[in-house]
Amino acid sequence: MPFFGDSRVMACDRRDMERWLRELVAGEIRVLPDGFEFAVEGVRMTVQLSDHAPRRVGLIAIPSLAVHFSYPPAARQAARAWITRFDRHTQRGGG
């Protein structure tokens, strides 16, 4: 699976994001005003969220968020491996 980078727009809301993180992160997740902070495999990560315009299909509006993952530069390889697992976890429809 290719690495999609540290930033993306996702069709979800904040509750979806928190649920997915709780499914993947074994330890404590700190809720921040603009996202979440947690540690995975010894790497401290932050997920920053900001509202994005809803995606529209006809009359249906799907919420979306701009998402940015932050981590220490020295932990880049481990953090990106975890982000790839996160991407797989959030794929819908059997991809």
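No value in this document is a laboratory result; all are computed from the given coordinates. The structure presented is a predicted model; accordingly, all values stated were derived computationally and were not measured. Here the Cβ positions follow ideal geometry from the backbone for every residue, glycine too, while neighbour counts run over all protein chains shown.
Identify, among Met10, Phe69, Val40, the residue whose Cα sits farthest towards the positive end of the charge dipole of the chain, taking +1 on the Cβ of Lys and Arg and -1 on the Cβ of Asp and Glu, with the dipole about the Cα centre.
So the residue we want is Met10.
How long is the gain from Thr84 to Ile29 if the chain were fully straight, where each residue apart is worth 0.36 nm and the alpha carbon distance is subtracted?
Additional length available on full extension: 17.9 nm.
Mind checking the angle between helix 76-90 and the chain's longest principal axis? C-alpha axes, 0 to 90 degrees, to the nearest 10.
30 degrees
Write down the radius of gyration of region 7-90 and its Dmax, each obtained from C-alpha positions, in Å.
Rg and Dmax of region 7-90, Cα atoms, are 13.3, 46 Å.
Working out 0.36 nm times the residue gap between Arg14 and Ala39, then minus their Cα-Cα distance, what length gain in nm do you get to one decimal?
7.1 nm
Using Cα pairs under 8 angstrom and six or more residues apart, how large is the relative contact order of the chain, in percent?
After rounding, I find 31 percent.
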